[in-house]
Amino acid sequence: MTNSEQVQGPAARADAPPEAGAGARRDWAWTRLATPIGPLLLAATRDGLVQVVFHADERRSRRALTRLEQFFGGPPLAEIPHLATAAAELTAYFAGELRTFTVPLDWSLSSGFHARVLRALASGVRYGDVVGYQDLADRVGEPGAARAVGAAMGSNPLPVVVPCHRVVASDGGIGGFGGGLETKRQLLALEGVLPAPLF
């Protein structure tokens, strides 16, 4: 797979800039994957999948790639093995054939409390389940941090794979979502949490 379009059917958010990298150049690569929720930009390093960007049109992709190039200290390579794995697993997920992602994750675009919350989400909330913001705060030992959990969801550099769409409001609503509420509804419907749309 190369730094080009991959059309197979189907980062923080694209607007959340990663902080400057640690200085040393790191190898990375990217691709764009067509999905039922729109194009996703996938970026990976030799450590694993590092970013998923929703609604990855040309403009949004260009902005995300510029930030990644600055963060990793240089231009992308043509290919990184974890990128092909991520694309294949996401394709299977959207086809209803995969419930658990196994692609390694590179957490370098997340740190501190946000990283703790996102890791707890990734390891503890399965396909077809949901969790409340307060419940997730309790899981990481920060019972007063429901709002901060919401901020962590908004900063998630690995949406879909790290399933921030599974975090919902305590009043029964679906809560917010960096990829847009319609995208969140589609993902929850795919997992059987919400009824599938009629059209």
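The values are calculated or read from the model by the stated rules, or taken from the named source; none is laboratory data. This structure is a prediction, so every number in the text was calculated from the model and none was measured. Backbone-built Cβ (ideal geometry, glycine too); neighbour counts: all protein chains shown. We work out accessible area using only protein heavy atoms, side chains counted, and drop any ligands, DNA or RNA first. Shrake-Rupley method; radii C 1.70, N 1.55, O 1.52, S 1.80 Å.
Working note: Karplus 6.51/-1.76/1.60 with θ = phi - 60° gives the range 123-135 the couplings 8, x, 10, 7, 3, x, 9, 10, 9, x, 4, 5, 4 Hz, where Gly and Pro are set to x.
Sorted into 10 angstrom bins from 0, the C-alpha pair distances of the range 115-199 split as 19, 57, 21, 3, 0 percent. When the charge dipole of the chain is built from unit charges on Cβ atoms (+1 for Lys and Arg, -1 for Asp and Glu) and taken about the Cα centre, the candidate among THR66, TYR133, LEU33 whose Cα reaches farthest toward its positive end is THR66. Under a model in which nothing but the beta-carbon of Lys, Arg (+1) and Asp, Glu (-1) is charged, the range 114-181 shows a dipole of about 200 debye around its Cα centre.
Remark: the chain carries a charge dipole of roughly 240 debye about the Cα centre, counting +1 on each Lys and Arg Cβ and -1 on each Asp and Glu Cβ.
What the chain shows is 46 Å² of accessible area per residue, with the surface traced by a 1.4 Å probe over protein heavy atoms. Going by accessible surface with a 1.4 Å probe and the largest first, GLU69, GLU89, GLU97 read GLU97, GLU69, GLU89. The sum of -39500 (n - 2.57) across all DSSP H runs of n ≥ 4, divided by the residue count of the chain, sets its helix-only mean residue ellipticity at 222 nm to -10500 deg cm²/dmol. Rounded to a whole number, what % of the accessible area of the range 24-101 do carbon and sulfur atoms account for, probe 1.4 Å? C and S fraction of accessible area: 52 percent. Within the chain, all pairs of alpha-carbon atoms sorted by distance into 5 Å bins from zero give the percentages 1, 8, 17, 21, 21, 16, 10, 5, 1, 0, 0.
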